Amino acid sequence: MLFDTHAHLYDDKFQYDREEMIADVLKTVEHVVIPAEDRKTGAQALALAEQYPAFYCAVGVHPHLAAAMTEEDFAQIKTWAQTEKKVVAIGEIGLDYYYDNSPRDIQQEVFRRFVKLGIELDLPIIIHDRDAHGDTLRILQEEAHPRLRGILHCYSGSYEMAAELLKLGFYISFSGTVVFPKSTKLKDVARRLPLDRLLIETDSPYLTPPPFRGRRNDPTRVYYVAEELARLHDMPVEEMIEITSRNAKTIYRIND
């Protein structure tokens, strides 16, 4: 059974058929982790995780919304992470220099604060890194700790960066972008990484893989990411699904 390590199932794009979509997902997907973007979506992600046994969630503040975070937001997120059994990670956190929706210094401050929280609570962190590879890696190296670990979601960096992240205890997650025919550099990174650090995700409702480009994404389509990674590693897709599911349960500490 598949494990989608990153899907925003609270998103408004699912508002008209969420229950039907989830029923379809549960036919082929064993687990989904739903990462939050702020306090509001944290509550929504937690509600879905509590409603469906197969779902888990992460809580944090996305870099787009870093400038809007309040002390009350941080306190609530920390409380959820400390007390709610369905919270398995801190995230989605990180840096986004493509849109720069929050000033970069504030993004870095909030990111570092959540990195420290993950270490404090011994939870993995889920990192969003877009056009900010250097600062993302620098901050993680500066905050290196035996309990620091996590996931670089929707990976878009180099093999050299990935190798440094592996040393820090991170897993590398690939989305539908690795399926795109023109993603040759990303495919090469995926091919060179060790099997025990690979993860798959959809980032639903975004980044829909071929042959469904242009449509809303959902966790059923994580299969196509597994299929591409299996092709790159020259193995049956069933074996890749087993490997990535085992890896996901390891990093999220899910025992079932």
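The values are calculated or read from the model by the stated rules, or taken from the named source; none is laboratory data. Fair warning: this is a prediction, and the values are worked out from it, not measured in the lab. Quick reminder, even Gly has a Cβ in these numbers, built from the backbone with ideal geometry, and neighbours come from all protein chains shown. Heads up: the accessible areas ignore ligands, DNA and RNA and are worked out on the full protein's heavy atoms, side chains in. Shrake-Rupley method; radii C 1.70, N 1.55, O 1.52, S 1.80 Å.
Looking at the range 163-184, which of its residues are closer than 14 Å to Leu232 by Cβ and not polar (S, T, N, Q)? Show your work before the answer.
Initial filter on the range 163-184 (closer than 14 Å to Leu232 by Cβ): 172, 174, 177-181, 183-184.
Those that are closer than 14 Å to Leu232 by Cβ and not polar (S, T, N, Q): Ile172, Phe174, Val178, Val179, Phe180, Pro181.
Of the residues in the range 17-29, how many are within 13 Å of Leu48 (Cβ to Cβ) and part of a helix (DSSP H, G or I)?
First, pick out the residues of the range 17-29 that are within 13 Å of Leu48 (Cβ to Cβ): 18-19, 21-22, 25-26.
Next cut, part of a helix (DSSP H, G or I) only: 18-19, 21-22, 25.
Residues flagged as within 13 Å of Leu48 (Cβ to Cβ) and part of a helix (DSSP H, G or I) within the range 17-29 amount to 5.
Scanning the range 42-59 for residues that are under 15 Å from the mean Cα position of the chain (by Cα) and open to solvent by less than 20 Å² (accessible area, probe 1.4 Å) yields Gly42, Ala45, Phe55, Cys57, Ala58, Val59.
The strands (runs of 3 or more DSSP E) falling completely within the range 77-187 that include 2 or more residues that are β-branched (Val, Ile, Thr) and over 20 Å from Ser245 (Cβ atoms) map to 87-96, 125-130. Assess whether Ile93 counts as being more than 20 Å from Glu201 (Cβ to Cβ) and open to solvent by less than 60 Å² (accessible area, probe 1.4 Å). No.
This table checks each residue for (1) without any contact (Cβ under 8 Å) to a residue 40 or more places away in the chain; (2) charged (D, E, K, R).
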| position | (1), (2) |
| --- | --- |
| Arg149 | no, yes |
| Leu198 | no, no |
| Pro211 | yes, no |
| Tyr223 | no, no |
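Test Lys182 against the criterion of being open to solvent by less than 30 Å² (accessible area, probe 1.4 Å), more than 17 Å from the chain's Cα centre (by Cα) and within 27 Å of Ser204 (Cβ to Cβ), and give yes or no. So Lys182 does not fit the description; no. Within the range 213-256, the set of residues being on the phi < 0 side of the Ramachandran plot and at pLDDT below 95 comprises Arg213, Asn255, Asp256. Inspect the range 61-69 for any residue being within 17 Å of Asp218 (Cα to Cα), in contact (Cβ under 8 Å) with a residue 60 or more places away in the chain and crowded, with 23+ Cβ neighbours inside 10 Å and give the result as yes or no. No: the range 61-69 contains no residue that is within 17 Å of Asp218 (Cα to Cα), in contact (Cβ under 8 Å) with a residue 60 or more places away in the chain and crowded, with 23+ Cβ neighbours inside 10 Å.
Any residue at all in the range 234-244 that is closer than 24 Å to Gly118 by Cβ and without any contact (Cβ under 8 Å) to a residue 40 or more places away in the chain? Break it down into steps so the answer makes sense when it comes.
Taking the range 234-244 as the starting set, the residues that turn out to be closer than 24 Å to Gly118 by Cβ are 244.
Applying the additional criterion that residues be without any contact (Cβ under 8 Å) to a residue 40 or more places away in the chain yields none.
Within the range 234-244, not a single residue is closer than 24 Å to Gly118 by Cβ and without any contact (Cβ under 8 Å) to a residue 40 or more places away in the chain.
In this structure, is Asp24 closer than 25 Å to Asn247 by Cα, touching a residue at least 60 places away in the same chain (Cβ under 8 Å) and surrounded by fewer than 17 Cβ atoms within 10 Å (Cβ to Cβ)? Outline the logic, then answer.
On the way: closer than 25 Å to Asn247 by Cα: yes; touching a residue at least 60 places away in the same chain (Cβ under 8 Å): yes; surrounded by fewer than 17 Cβ atoms within 10 Å (Cβ to Cβ): yes.
Yes, satisfied.
Here's a check for you: in the range 135-169, which residue that is closer than 28 Å to Thr184 by Cβ and of a type in the set (Lys, Arg) is most open to solvent (accessible area, probe 1.4 Å)? Here the answer is Lys167.
For residues in the range 1-16 being outside any helix (DSSP H, G or I) and surrounded by fewer than 17 Cβ atoms within 10 Å (Cβ to Cβ), which is modelled with the lowest pLDDT?
Taking the range 1-16 as the starting set, the residues that turn out to be outside any helix (DSSP H, G or I) are 1-11, 15-16.
Filter once more, so that each one left must be surrounded by fewer than 17 Cβ atoms within 10 Å (Cβ to Cβ): 1, 15-16.
Working: Met1: 91, Gln15: 97, Tyr16: 97.
The extreme case among them is Met1.
Within the range 191-223, can you find the residues that are of a type in the set (Gly, Ala, Ser) and either open to solvent by 30 Å² or more (accessible area, probe 1.4 Å) or in a helix (DSSP H, G or I) (or both)? Walk me through how you get there before you give the answer.
In the first step, residues of the range 191-223 are kept if they are of a type in the set (Gly, Ala, Ser); the result is 204, 214.
Gly214 - this is the single residue of the range 191-223 that is of a type in the set (Gly, Ala, Ser) and either open to solvent by 30 Å² or more (accessible area, probe 1.4 Å) or in a helix (DSSP H, G or I) (or both).
Give the residues of the range 30-40 that are surrounded by fewer than 24 Cβ atoms within 10 Å (Cβ to Cβ) and in a strand (DSSP E or B), sorted by residue number. Residues satisfying the conditions are Glu30, His31.
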